[in-house]
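The block underneath contains the structure these notes are about, expressed in structure tokens.
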Amino acid sequence: MQCIPGGRSTALSLMLVAALAGAPVLAADREVAGTRVPEQLSEGGHALVLNGAGLRTKFVVKVYVAALYVTHKSHDAATLVNSTEPSRLRLQLLRDVDSKSLDEALQDGLRDNTPKSELAAMKAPTDQLTRLMAAIGTAKEGDVIDLYFDAGGVTGTHNGVQRGRIDNPDFARALLRVWLGDKPAQASLKNALLGN
């Protein structure tokens, strides 16, 4: 292969050589409802890959784009919910949503996907979730809410600022079931998060 002198030609040649040599090629970001969704993120030193992403609507109104990042991709909801590996659920808001509405939606999802006796035993972390949502306040269009799941619980951030942590692994699993449980917030979004 002959290279024409110059930075651009040389860079293109090097990229081609790297690709032919089997070097990993980074996947391009995905787009969902006009929102850029990265194919990869890092969390606490772990590389997380996009398992799936989709649009949450309510009464035909676009609310947010959700993206689930995991250490190992899976199409099985139970595997993802019960994993102790780090994961992240990112919500990119497509409209303004106040903290009370966010909290009510999450509490409804918890009730729909958690046995009553189990939910009753998680009153303290459920109350913590309400306080976490209150700390976020009104999420504006374009804001990002991240829920970081790990073996010990879940941490919530708003535009990169930590707003609270709930140290309860059972509650963390219950919270993830809001999107991946038997009665998810939206069936089409669950399928999208599972990469289907």
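The values are calculated or read from the model by the stated rules, or taken from the named source; none is laboratory data. The structure presented is a predicted model; accordingly, all values stated were derived computationally and were not measured. Reconstructed Cβ throughout: ideal geometry from the backbone, glycine too, with neighbour counts over all protein chains shown. These area figures cover heavy atoms from the full protein model, side chains too; ligands, DNA and RNA do not enter into them. Shrake-Rupley method; radii C 1.70, N 1.55, O 1.52, S 1.80 Å.
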* Asked: Taking a probe of 1.4 angstrom, what is the accessible area of residue 171 in Å², to the nearest 10?
  -> 0 Å²
* Structure fact -> Taking a straight Cα-to-Cα line shorter than 30 Å from residue 140, and setting aside same-chain lysines fewer than 8 residues away, one finds 58, 62, 100, 123, 183, 190
* May I ask you to give the percent of accessible area on segment 75-173 that is carbon plus sulfur, with a probe radius of 1.4 Å? => 48 percent
* **Phi-based couplings in Hz for segment 37-42 (Karplus 6.51, -1.76, 1.60; Gly and Pro marked x)** => 10, x, 7, 8, 9, 10
* Asked: How high is the FRET efficiency from residue 73 to residue 144, r the C-beta distance, R0 25 Å, rounded to 0.05?
  -> 0.70
* Determine by what factor the alpha-carbon radius of gyration of segment 120-196 differs from 2.2 N^0.38 Å, reporting the quotient. => 1.14
* What ratio of Cα Rg to 2.2 N^0.38 Å holds for segment 84-154? -> 1.17
* How much length is gained if the chain between residue 119 and residue 46 is pulled fully straight, taking 0.36 nm per residue apart and subtracting their Cα-Cα distance, in nm to one decimal? -> 23.2 nm
* Asked: Size of the dipole of segment 19-143 about the Cα centre, Lys and Arg at +1 and Asp and Glu at -1 on the beta carbon, nothing else charged, in debye to 20?
  -> 140 debye
* To do: Calculate I(q)/I(0) for segment 60-196 by the Debye formula, one identical point scatterer on each C-alpha and no solvent, and give its log10 at q = 0.11, 0.21 Å⁻¹ to two decimals.
  => -0.35, -1.47
* Asked: Say each of residue 162 and residue 82 gets a label point 7 Å from the Cα, pointing the same way as Cα to Cβ; how far apart are those two points in nm?
  -> 3.0 nm
* Structure fact -> Sequence order, segment 96-111: Karplus ³J(HN,Hα) from phi using 6.51 cos²θ - 1.76 cosθ + 1.60, θ = phi - 60°, Hz rounded, Gly and Pro as x, gives 5, 9, 7, 4, 5, 5, 4, 5, 4, 5, 5, 5, 4, x, 5, 5
* Structure fact -> Scalar couplings 3J(HN,Hα) for segment 48-54 by Karplus 6.51 cos²θ - 1.76 cosθ + 1.60 (θ = phi - 60°), nearest whole Hz, x for Gly and Pro, are 10, 10, 5, 7, x, 8, x
* Divide the volume of the convex hull of the Cα atoms of segment 118-160 by its number of residues and quote the answer in cubic angstrom per residue. => 85 Å³
* Asked: Could you list log10 I(q)/I(0) for segment 22-137 at q = 0.09, 0.11 Å⁻¹, which the Debye formula gives when each Cα is one point scatterer?
  -> -0.31, -0.47
